[in-house]
Amino acid sequence: MADATPAEMKPGTLEADGLRVHYLEAGSGEPVVVFPDRDGELFDSLLGKLAGCNRVIAFDLSAGGTITPRDVAAELSQGLPRLGVDRYAVMGVAHGAALALAQAIVAPEQIDKLILLSPRFAQSAEAVANLAQVKAPTLVLVGTRDTSGSVEAGRLCREKIRVCHLSFVYDAGQAIAADRLEACADSIADFLEQGEQFIIFRESQMIRP
Amino acid sequence: MKAGFFNTVAYAGPWTNNAWPTPPVLCDREAGSRTMRQAMDQTLLADELGFDWVSVSEHHYSPRILTPSPMIFAGAITQRIKRAKIAVLGPLLPLSNPVRVAEELAMLDVMSEGRIVVLFLRGTPNEVLVYRANPDETRDVTQEGVELILRAWTEPQPFGWEGRYFNYRTVSVWPRTLQEPHPPVFSSGNTPDSVPFAARRRLGLALSFMPLSSIKQRVDLYREEAAKAGWEPAADDVVYRFFGHVAETDEEARKNIGDNKVDLRRIFAMNEAMLKKLMGNRAELQMMEKPFLFGGPAAVVDQIGALREAGVGIMDMAFTWPGISYEQQLRSMECFASRVIPQIRAL
């Protein structure tokens with residue numbers, strides 16, 4: 001997986017009822033819908049690697065506006081099937097975690113896995129209650145040098161979401177995928193392929209037959 | 001100044017073969033067993049004499065130290081002494097599964113009612129040969145292992161670890177350590193570039209078998225780096241491990257030691273090319289002409305004063321030296337405890 005040639009991201013636009021959003025798309029395979037951080041950075045290298053085995057669709061919602069994550073989720077759950085995306089994994093990066101969580105809660109029938117990288121979201125009573133509604137197996141990756149609040153958010157996910165794996169990426173800060181690209185890409189690829197069974201290592205331990 | 005007794009658990013039988021690895025056939029089975037009995041007796045004596053801690057360490061394939069698993073000996077100690085701290089200085093992380101190390105130390109901490117202190121090390125240069133480790137990577141492996149162990153002791157939820165050298169998808173250590181958040185942890189500063197890691201992570205600094213000038217240099221660097229990280233180390237944050245021999249008079253101490261020396265380079269008994277390859281990014285090994293602390297009580301108190309001035313707050317002293325018998329070690333310990341310890345408390 002990590003050796004796959006990074007794919008070129010192609011732009012597109014999705015129009016739902018009240019929403020017109022730009023996205024970048026690459027690769028083919030099981031779809032992964034990505035919400036990057038609110039600064040619009042798309043973690044090109046990570047998405048390029050994931051696109052070696054998956055169809056990656058990264059939405060650019062950096063323009064912001066007053067629309068809530070739940071409203072975005074409602075619109076996208078209507079619009080994504082028009083791109084041929086009916087069931088998919090959803091990944092949120094930093095502040096994009098709130099959008100990914102909303103998607104998992106609003107459209108649980110569409111989401112088969114949830115991935116959060118350096119998650120940052122307001123830990124209100126409502127947000128905590130929402131975590132318990134997530135049905136999809138979840139992977140949370142947090143850097144060991146991250147002091148932005150992601151560690152606490154990750155622990156909360158681990159505690160409240162029904163099936164959630166919290167993994168620490170050693171020597172990574174908040175820009176987790178930039179700091180440890182291979183570590184992130186490999187564990188995400190394993191999780192996309194095996195879901196919650198990704199905790200079972202399948203590499204042979206035999207040295208010589 | 002606090003005084004620690006470093007129990008080397010050196011082989012009690014006769015041995016003159018400096019080869020490493022030392023052939024197992026040279027280990028007399030009964031002498032191996034006697035070693036453990038004597039080492040435990042010595043530990044009990046150190047506790048009775050008022051040493052602040054007793055320490056054990058990990059070395060392999062040699063009669064110099066018969067604790068390749070320091071955890072086992074430390075476990076036995078926890079059930080025999082109830083006062084002194086038990087310092088595991090220390091597990092060699094490049095040779096270990098760090099999660100297992102975290103589990104075993106947590107067990108020791110609860111077994112000892114919270115008296116465990118630990119130093120994680122990378123091993124002497126030859127020890128990379130024991131279970132396969134790359135000498136160029138041992139420092140980085142050790143530092144990652146320390147981070148993983150600290151996480152395993154403090155993380156409230158099960159977690160995975162995506163490291164450079166370690167990869168675990170399920171870590172959830174029971175029991176938790178009795179000490180909160182975890183036992184005191186030291187990190188080696190024997191190589192100058194290892195010092196900033198200890199300071200940055202707010203760990204204690206452990207130094208060993210180096211001259212006073214190097215100790216001072218390392219402690220100064222540690223303090224500078226700690227200041228950059230926003231904290232100030234206390235005296236108890238710096239430990240120094242060394243050989244010592246105390247007798248009633250300077251003359252008696254000199255006579256006991258004779259001309260015996262310890263050459264750390266020769267301990268590994270390897271040719272220059274092999275040693276160079278194994279040294280990786282380490283500092284040079286020293287030849288020791290005599291024990292670091294050496295002489296009658298007055299002379300030794302003066303030497304400890306200099307050590308304290310250099311910034312060391314805990315001494316971890318081995319009473320072994322080539323030519324010094326077990327009985328002489330006991331006498332040296334007793335002399336140290338009665339004539340030296342009372343005078344260094346206030347330093």
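The values are calculated or read from the model by the stated rules, or taken from the named source; none is laboratory data. Bear in mind the structure is a predicted one, so any value in this text is a computation, not a measurement. Because the Cβ atoms are built from the backbone with ideal geometry, glycine has one as well, and the counts that use them run over all protein chains shown. Protein only, heavy atoms only, side chains kept; ligands, DNA and RNA dropped before computing areas. Shrake-Rupley method; radii C 1.70, N 1.55, O 1.52, S 1.80 Å.
Of the chymotrypsin sites (Phe, Trp or Tyr not before Pro) in region B:85-186, which ones lie in a loop per DSSP and count no more than 16 other C-beta atoms within 10 Å?
Sparse-neighbourhood loop chymotrypsin sites (Phe, Trp or Tyr not before Pro): B:131.
What does the accessible area of residue A:67 come to, in Å² to the nearest 10, when a probe of 1.4 Å is used?
Around 60 Å² of this residue is reachable by solvent.
With N set to the number of residues, divide the alpha-carbon radius of gyration of region A:151-196 by 2.2 N^0.38 Å and report two decimals.
1.21
Considering only DSSP states other than H, G, I, E and B, which GluC sites (Glu not before Pro) in region B:270-347 qualify as loop sites with at most 10 other Cβ atoms within 10 Å?
B:284
For region A:87-168, what value does the Rg/Rh ratio take when both radii are computed over Cα atoms and Rh is the Kirkwood radius, given to two decimals? Working shown, then result.
Working: Rg = 11.2 Å, Rh = 12.1 Å.
With Rg and the Kirkwood Rh in hand, the quotient comes to 0.93.
Simple spin-label model, 7 Å along Cα-to-Cβ: residue A:16 to residue B:232 in nm?
5.7
Count, for each residue of B:154-161, the Cβ atoms from other chains sitting within 10 Å of its Cβ, then give me the mean as a whole number.
Counting Cβ atoms of other protein chains within 10 Å of each residue's Cβ and averaging gives 6.
Kindly state, to the nearest 0.05, the FRET efficiency for residue B:282 paired with residue A:145, given R0 = 30 Å and r defined as their beta-carbon distance.
0.70
To the nearest 500 deg cm²/dmol, what mean residue ellipticity at 222 nm is calculated for chain B from DSSP H runs of n ≥ 4 alone, each contributing -39,500 (n - 2.57), summed and divided by the residues?
Value at 222 nm, helices only, nearest 500: -11500 deg cm²/dmol.
Within region A:122-209, report the GluC sites (Glu not before Pro) that DSSP leaves as loop and that have at most 12 other Cβ atoms within 10 Å.
Passing both the DSSP loop test and the Cβ count: A:203.
How would B:138, B:124 line up by accessible area, probe 1.4 Å, largest first? Intermediate values should be presented prior to the final figure.
On the way: B:138 0, B:124 35 Å².
My answer, sorted largest first, is B:124, B:138.
Rank these by accessible area, largest first, 1.4 Å probe: A:59, B:243.
B:243, A:59
Taking 0.36 nm per intervening residue step and subtracting the Cα-Cα distance, what contour gain separates residue B:82 from residue B:212 on full extension?
Extra length from residue B:82 to residue B:212 when fully extended: 43.5 nm.
So what's chain A giving for Cα Rg divided by 2.2 N^0.38 Å, two decimals?
This ratio for chain A stands at 0.97.
Give me the distance between the Cα centres of region A:71-144 and region B:277-347, rounded to whole Å.
Rounded to whole Å, the Cα centres lie 61 Å apart.
So what's the projected area for the protein assembly as shown, the Cα convex hull averaged over all directions, in nm²?
Answer in nm², one decimal: 29.0.
To the nearest 10 square angstrom, what accessible area does residue B:182 show with a 1.4 Å probe?
Its heavy atoms expose roughly 50 Å² to the probe.
Taking the full set of protein chains and a 1.4 angstrom probe, give the accessible area of residue B:164 in square angstrom, rounded to the nearest 10.
120
So if the hydrodynamic radius of region B:196-347 is defined as the Kirkwood radius over C-alpha pairs, what does Stokes-Einstein give as its diffusion coefficient at 25 °C and 0.890 mPa s, in µm² per second?
Translational D for this selection: 145 µm²/s.
Ordering B:107, A:9 from largest to smallest accessible area (1.4 angstrom probe), what's the sequence?
B:107, A:9
Take region B:78-159, drop everything but the C-alpha atoms, weight them equally and run the Debye formula without solvent; then report log10 I(q)/I(0) at 0.14, 0.22, 0.25, 0.26 Å⁻¹ to two decimals.
-0.52, -1.01, -1.15, -1.20
Whole-Hz Karplus ³J(HN,Hα) for region B:211-218, in order, using 6.51 cos²θ - 1.76 cosθ + 1.60 and θ = phi - 60°, x for Gly and Pro?
Result, ordered by residue: x, 4, 4, 5, 4, 4, 4, 5 Hz.
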